[in-house]
Ligand SMILES: [Zn+2]
């Protein structure tokens, strides 16, 4: 059950819509090896054996047998049957329906395994290996095409009675909003700030206006408007872009305020958009935050960017295994 220096070694799978990240990680956070398996339009019958083989190959490259590993974890996209480890119908993989991936890998690898949603797994990765290290109360926010939270409170991951805890992207911020969310509700946090929702909102606003500067930053096609085009337009001072950017900042601040006043965390760790865009994204949020959070809460909380950044997926599954299989917490 141990690798070099007597450390336990864990295998992690991060199931994405177009790729699956596989990482071999020691309990102190050394990434011994990583691989990427393409997952676009694939059949689970092809991919599952490849996942097991790749895990064994990664172990072998570190002079380990798979039986030397302390276990594996799967970081899974929703919707999923969390307690039974089944991928139900991930939206980006039409052929993946009701796939019992946890049982499959347990049998194929012959070691203990666990399964958790991707936002919680990413939070566990930041908790053990990144910006949440040593904190008993911290929150990780994925801020990408969608928005999710992993909430660690009182030295434990919040999961909820039926494992849906932490779906913070779907907390409504506005009652009478016409901003439609991917979940089917209106006015969710994600509907205002998720990359996919922001892009769709701008595409709707700019329909037919191919000479608008935001459309030009998207290469001249309204349907190609994305967060990157918006960011470029903001940097260029385009008035509509500045207006949309300001609304995103205010909605983020409102959401951060709810988190701070509810959980009183010591750290709030921000994912993709925050670190990819930088101060241009985070500074206006912090300016608005005092409107939405008590001073006691903002004084207690450092707001920082993810430390694991684009490698977070390689740590996520292993971090889930650390938490659920090894019982790791802050000592
Ligand atoms: Zn929603």
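The values are calculated or read from the model by the stated rules, or taken from the named source; none is laboratory data. Quick caveat, the model's predicted, so the values are computed rather than measured. With ideal geometry, Cβ positions are generated from the backbone for all residues, glycine too; neighbour counts draw on all protein chains shown.
Details
- Among the residues of region 135-145, none is identified as out of contact with any helix residue (DSSP H, G or I) (no Cβ under 8 Å at 6 or more places or on another chain) and either without any contact (Cβ under 8 Å) to a residue 12 or more places away in the chain or part of a strand (DSSP E or B) (or both).
- Within region 214-234, the set of residues being surrounded by fewer than 18 Cβ atoms within 10 Å (Cβ to Cβ) and over 26 Å from the mean Cα position of the chain (by Cα) comprises 216, 219, 220, 221.
- Strands (runs of 3 or more DSSP E) lying entirely in region 12-82 (those with 1 or more residues that are surrounded by fewer than 17 Cβ atoms within 10 Å (Cβ to Cβ)): 19-26, 31-38
- Residue 91 meets each of the listed conditions (1) closer than 25 Å to residue 147 by Cα; (2) part of a strand (DSSP E or B) apart from (2).
- The helices (runs of 4 or more DSSP H) found entirely in region 172-276 that carry 3 or more residues being within 16 Å of the ligand (Cβ to nearest atom) and closer than 28 Å to residue 91 by Cα are 189-193, 195-205, 239-263.
- Within region 167-190, residues that are assigned by TED's automatic domain parsing to the domain that holds residue 202 and touching a residue at least 40 places away in the same chain (Cβ under 8 Å) have Cβ atoms under 8 Å from residues that are more than 10 Å from the ligand (Cβ to nearest atom) and in a loop (DSSP other than H, G, I, E, B) in these pairs: 189/173, counting only partners at least 6 apart in sequence or on another chain.
Condition check ((1) more than 30 Å from residue 276 (Cβ to Cβ); (2) within 16 Å of the ligand (Cβ to nearest atom)) across all residues:
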site	(1), (2)
71	yes, no
77	no, yes
87	no, no
98	yes, no
130	no, no
141	no, yes
147	no, yes
153	no, no
169	no, yes
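- Residue in region 146-164 that is part of a helix (DSSP H, G or I) and in contact with a helix residue (DSSP H, G or I) (Cβ under 9 Å, 6 or more places away or on another chain) present: no
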